[in-house]
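Below you'll find the structure, written out as structure tokens, and then a few comments.
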Amino acid sequence: MTEQIMVAFEGEGSGVDDLSWGQLDLWMAMRRQNSWLPMGGATPLPDGTSLADVVENLRYLMSRYQPMRTRLRFDADDRPSQVVSSSGEIALDVVEAGDDDPAELADAMRRRYEETDYDYVTQWPMRMGVVVRSGQPTHLVAIMCHLVTDGSGAAVMIAESGARVATPVKGMQPLEQARWQRSPAGVRQNEAALRYWERLLRTIPSRRFAGSDDPRQPRHWRGEFRSQALHLATQAIAARAGLDASPVLMAVYGVALHRMTGINPVVFRPTVNNRFRPALADVVCTVAESGLCALDVAGVPFSEALTRTQRAAMTAYKHAYFHPVHLQDLIASVAAERDPDFDLGCFYNDRRITTRAGATGPAPTPDQIREALCGGNTTFRWTIQQDDPFERLFVHIDDVPDTIQITVFMDTHFVSPGDAEAFLRGMEEVAVEAALDLVPQGQAR
């Protein structure tokens with residue numbers, strides 16, 4: 001049995017403006033993928049949590065964060081604007097478990113929230129419910145539209161809501177971002193980014209993939225890869241190079257991608273959180289955009305590939321803040337001149353937060369890496385096949401302690417299931433080779 005509690009909220013800030021660049025970039029991805037990209041999940045609640053606690057948590061989130069109070073408005077040409085309200089009311093679903101398993105009910109609620117269409121104009125971007133047994137909350141389900149925030153902003157939100165932070169929110173809010181992006185400084189940033197993109201677009205290979213020899217129906221697949229050996233190897237390389245493990249893994253990705261496709265330079269779009277920019281470090285909203293990175297890694301030792309990756313990544317990050325529609329128009333213009341099938345559908349998103357920096361203790365030893373490689377700790381499984389589109393290849397690195405988990409999304413008409421799995425196992429191979437100082441087949445020291 002489901003009941004609803006209506007939760008009133010009121011917060012600072014309201015108005016109507018263009019979408020910020022981060023919002024617009026995500027909106028365009030949502031349209032391409034035919035999805036409102038729900039994020040969140042179901043979690044057990046600590047003993048002693050009351051229904052009033054859950055109500056106040058929802059009120060806190062809706063009151064504190066402007067993106068939680070943001071809906072969309074569309075003009076006659078279907079262009080969206082952000083509409084931020086200062087107050088409103090939202091429903092909290094309450095499900096009594098009775099004799100049923102509360103965890104199963106929570107998971108069913110999660111699926112229902114994720115699979116039910118979202119109305120951007122009339123609905124608030126948060127769906128929240130609580131499972132209770134005899135009135136005592138056992139599980140919380142919270143699903144929100146990705147337009148609310150990116151992963152880094154979600155981490156800030158979770159930390160602040162857990163501590164019930166009451167000081168003013170940090171950072172430039174999306175309404176203010178939209179105003180800045182029209183300012184002379186914002187125009188200069190956009191123009192500089194587009195000049196960088198145009199230089200690359202006119203010189204890189206026009207296609208990312210040679211094509212699939214095993215197209216499937218449903219066409220779009222998702223898989224999950226876990227490797228302890230990859231985790232230990234990247235930690236060992238990072239310790240030896242005196243680096244964070246993040247650029248090491250990006251270099252591993254680039255080398256493995258070159259081996260799979262045979263195309264050089266390797267060109268992909270890394271997700272850039274843009275939080276190194278003034279007033280964006282701790283803001284709860286979507287500011288991440290996908291940059292453009294070109295890596296020349298053919299025939300060089302991994303140490304050189306890593307150096308080149310660091311250099312190319314820094315330049316890509318600098319130019320990953322732009323007006324997405326202006327970029328889309330630029331790509332279309334270059335494609336019309338160079339190749340009608342010109343594509344940039346290759347993405348890389350290291351979305352780790354708690355495990356991204358790597359270990360602080362002693363570097364993994366060669367024996368530990370070999371043991372992980374041979375100990376059956378590497379797994380791969382397909383999780384979803386669907387007709388709704390993904391990008392041609394999209395790799396996400398996820399936060400899982402003591403391992404590296406990679407979620408791969410791909411279009412099997414461009415990357416076959418076999419090639420996708422081989423590519424992920426190839427990342428493990430590249431990292432282990434580099435960590436153990438092995439010479440790849442066909443390459444001299």
Checklist entry - Where does each of 383-393, 311-321 land if you order them by average Cβ count within 10 Å, highest first? => result 311-321, 383-393
Item to check | Qualifying chymotrypsin sites (Phe, Trp or Tyr not before Pro) in the stretch 193-276, DSSP loop, other Cβ atoms within 10 Å at most 11 | outcome: 276
Checklist entry - With the calculation restricted to Cα positions, what are the radius of gyration and Dmax of the stretch 174-287 in angstrom? => result 19.0, 50
Item to check | Amide H contacts under 5 Å for residue 96, placed H, 5+ residues apart | outcome: 3, 132
Item to check | Label point distance in nm, residue 399-residue 438, each placed 7 Å from Cα along Cα→Cβ | outcome: 3.3 nm
Checklist outcome for this item: Distance in Å, no decimals, from the C-alpha centre of the stretch 2-59 to the one of the stretch 212-255 is 31 Å
Checklist entry - If you take the beta carbon distance between residue 336 and residue 34 as r and set R0 to 22 Å, what does 1/(1 + (r/R0)^6) give as a FRET efficiency, to the nearest 0.05? => result 0.30
Checklist entry - Among 265, 283, 209, whose Cα sits farthest toward the positive end of the charge dipole of the stretch 183-435 (+1 at Cβ of Lys/Arg, -1 at Cβ of Asp/Glu, about the Cα centre)? => result 283
Item to check | Inter-centroid distance (Cα atoms) of the stretch 118-136 relative to the stretch 257-295, Å | outcome: 33 Å
Checklist entry - Residue separation times 0.36 nm, minus the C-alpha to C-alpha distance between residue 164 and residue 76: what's the value? => result 27.5 nm
Next on the checklist: Output needed: percent of Cα pairs per 10 Å distance bin for the chain, bins running from 0 to the one holding the longest distance.
Outcome noted: 4, 19, 28, 27, 17, 5, 1
Next on the checklist: Can I get the semi-axes of the stretch 18-130's equivalent ellipsoid? Compute them from the C-alpha gyration tensor as square roots of 5 times the eigenvalues, in angstrom, largest first.
Outcome noted: 30, 17, 11
Checklist outcome for this item: Helix-only [θ] at 222 nm, the chain, -39500 (n - 2.57) per DSSP H run of 4+, per residue, nearest 500, equals -12500 deg cm²/dmol
Checklist entry - With charges set only on the Cβ (+1 for Lys and Arg, -1 for Asp and Glu), what does the dipole of the chain come to about its Cα centre, in debye to the nearest 20? => result 1520 debye
Checklist outcome for this item: Karplus-derived 3J(HN,Hα) from phi for the stretch 378-394 (6.51 cos²θ - 1.76 cosθ + 1.60, θ = phi - 60°), whole Hz, x at Gly and Pro, runs 9, 10, 9, 8, 7, 10, 9, 10, 8, 8, 4, x, 9, 6, 5, 8, 9
Item to check | Net lengthening on full extension, residue 188/residue 117 (0.36 nm per residue, minus Cα-Cα) | outcome: 21.7 nm
Item to check | From phi via Karplus (6.51, -1.76, 1.60), per-residue ³J(HN,Hα) for the stretch 158-166 in Hz, x at Gly/Pro | outcome: 5, 5, 5, 5, x, 8, 6, 4, 10
Checklist entry - Semi-axes, largest first, in whole Å: what does sqrt of 5 times each Cα gyration tensor eigenvalue give for the stretch 183-435? => result 29, 23, 17
Item to check | Nearest 10 degrees, 0 to 90: helix 21-33 Cα axis against the chain principal axis | outcome: 80 degrees
Item to check | In nm, spacing of pseudo-spin labels at residue 199 and residue 363 (7 Å Cα→C-beta vector) | outcome: 3.4 nm
Checklist entry - Where nothing but the Cβ of Lys and Arg (+1) and of Asp and Glu (-1) is charged, how large is the charge dipole of the stretch 181-274 around its Cα centre, in debye to the nearest 20? => result 260 debye
Next on the checklist: Residue by residue through the stretch 250-260, what is 3J(HN,Hα) from phi via Karplus (6.51 cos²θ - 1.76 cosθ + 1.60, θ = phi - 60°)? Round to whole Hz and write x for glycine and proline.
Outcome noted: 5, 5, 4, 4, x, 5, 5, 5, 4, 4, 6
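Taken together, the values in this text are just the output of simple stated rules run on the coordinates, not laboratory data. Just so it is clear, the structure is predicted and the values come from calculations on it, not from any experiment. Every residue, glycine as well, gets a Cβ built from its backbone with ideal geometry; the counts of neighbours run over all protein chains shown.
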